[in-house]
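Take this structure, written in structure tokens, and hold onto it; I'll ask about it next.
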Amino acid sequence: MSQTPVDSSKRTWLIASSCAGAVGGVATAVPFVSAFQPSEKAKAAGAAVEVDISGLKPDEKLTVEWRGKPVWIIRRSKEQLAELPKLDSQLADPESKRHPDEFTPAYARNEWRSIKPEILVVVGICTHLGCSPVDKFIPGPQPSLPSDWQGGFLCPCHGSTFDMAGRVFKNKPAPDNLEVPPHMYLSDTRLLIGEDKKA
């Protein structure tokens, strides 16, 4: 059986064009396939964050990032906890009843706004225009604060003040208390921010 001779220049051209087509097809498919996979940044932005709080002392704050937001973890002193119930009459929403599902999970709807009284976990973003309040833990008269200040947070942008439970004072621009994110304890010294139910 005789074979028809193949022109070597045609063979080279066929091989080259087939390879180029294959490379083009793969290059076109990769963006579509990778679009179905979340990026590392996207996974990190929505993932729960585990935090070791074993070294946190009274009056100290630890900041972690969860979903692009700063989450404050604060160990409150016995003195700070004792002052919280005395402030109720000065607060806009002392029992966190306004928008409770949005700002305060059921397990934090108490006078401490926390699972454990000494540990406060809140999102460090003012509910007015999204500024970040500053720590004003030391009680007493200070610029931009009342003379009977008992410690908390001041939003320097428009003067909203929050107590050591993240509750906003009356007649301030911020309409709501600071948000308590979903969280739970994995142990006495480890917190999980972003989840509040065991899998």
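This table checks each residue for (1) more than 17 Å from ASP176 (Cβ to Cβ); (2) modelled with pLDDT of 95 or more; (3) touching a Phe, Trp or Tyr at 6+ places or on another chain (Cβ under 8 Å).
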| residue | (1), (2), (3) |
| --- | --- |
| ILE74 | yes, yes, no |
| ALA108 | no, no, no |
| TRP112 | yes, no, no |
| LYS116 | yes, yes, yes |
| THR127 | no, no, yes |
| LEU145 | yes, no, no |
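Give the residues of the stretch 156-169 that are part of a loop (DSSP other than H, G, I, E, B), in contact with an Asp or Glu (Cβ under 9 Å, 6 or more places away or on another chain) and either touching a residue at least 60 places away in the same chain (Cβ under 8 Å) or of a type in the set (A, V, I, L, M, F, W, C) (or both), sorted by residue number. Spell out the reasoning first.
At the first step, the residues of the stretch 156-169 found to be part of a loop (DSSP other than H, G, I, E, B) are 156-160, 163-167.
Now narrow it down to the ones that are in contact with an Asp or Glu (Cβ under 9 Å, 6 or more places away or on another chain): 163-167.
Matches in the stretch 156-169: ASP163, MET164, ALA165, ARG167.
For every residue, the table says whether it meets (1) surrounded by 14 or more Cβ atoms within 10 Å (Cβ to Cβ); (2) β-branched (Val, Ile, Thr).
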{"site": "SER54", "(1), (2)": "no, no"}
{"site": "VAL64", "(1), (2)": "yes, yes"}
{"site": "ARG67", "(1), (2)": "yes, no"}
{"site": "ILE74", "(1), (2)": "yes, yes"}
{"site": "SER77", "(1), (2)": "yes, no"}
{"site": "LEU87", "(1), (2)": "yes, no"}
{"site": "ASP93", "(1), (2)": "yes, no"}
{"site": "SER96", "(1), (2)": "yes, no"}
{"site": "PRO100", "(1), (2)": "yes, no"}
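Among the candidates LEU192, LEU129, single out the residue that is touching a Leu at 6+ places or on another chain (Cβ under 6 Å) and among the hydrophobic types (A, V, I, L, M, F, W, C). Steps first, please.
Values: LEU129 fails: touching a Leu at 6+ places or on another chain (Cβ under 6 Å).
Exactly one residue qualifies, and that residue is LEU192.
Can you name every residue in the stretch 80-106 that is within 27 Å of the chain's Cα centre (by Cα) and free of Cβ contacts under 8 Å to residues at least 24 places away in the same chain?
ASP88, GLU95, LYS97, PRO100, ASP101, ALA106
Output the number of the condition that VAL134 fails; it satisfies all remaining conditions of (1) at pLDDT 90 or above; (2) over 20 Å from the mean Cα position of the chain (by Cα); (3) more than 17 Å from GLU50 (Cα to Cα).
(2)
Where residues in the stretch 86-114 are part of a loop (DSSP other than H, G, I, E, B) and charged (D, E, K, R), which of them is nearest to PHE169 (Cα to Cα)? Walk me through it before giving the result.
First, the residues of the stretch 86-114 that are part of a loop (DSSP other than H, G, I, E, B): 92-99, 104-105, 109-114.
From what is left, the residues that are charged (D, E, K, R) are 93, 95, 97-98, 109, 111, 113.
Numbers: ASP93: 8, GLU95: 12, LYS97: 14, ARG98: 14, ARG109: 17, GLU111: 14, ARG113: 15 Å.
Here the residue is ASP93.
If you go through the stretch 168-199, how many residues are under 18 Å from the mean Cα position of the chain (by Cα) and basic (Lys, Arg)?
2
In the stretch 106-131, how many residues are of a type in the set (Ser, Thr, Tyr) and surrounded by fewer than 16 Cβ atoms within 10 Å (Cβ to Cβ)?
First, pick out the residues of the stretch 106-131 that are of a type in the set (Ser, Thr, Tyr): 107, 114, 127.
Now narrow it down to the ones that are surrounded by fewer than 16 Cβ atoms within 10 Å (Cβ to Cβ): 107.
So the count comes out to 1.
The values are calculated or read from the model by the stated rules, or taken from the named source; none is laboratory data. Since we're looking at a predicted model, the values are computed, not measured. Counting neighbours? That spans all protein chains shown, and the Cβs are built from the backbone with ideal geometry, glycine included.
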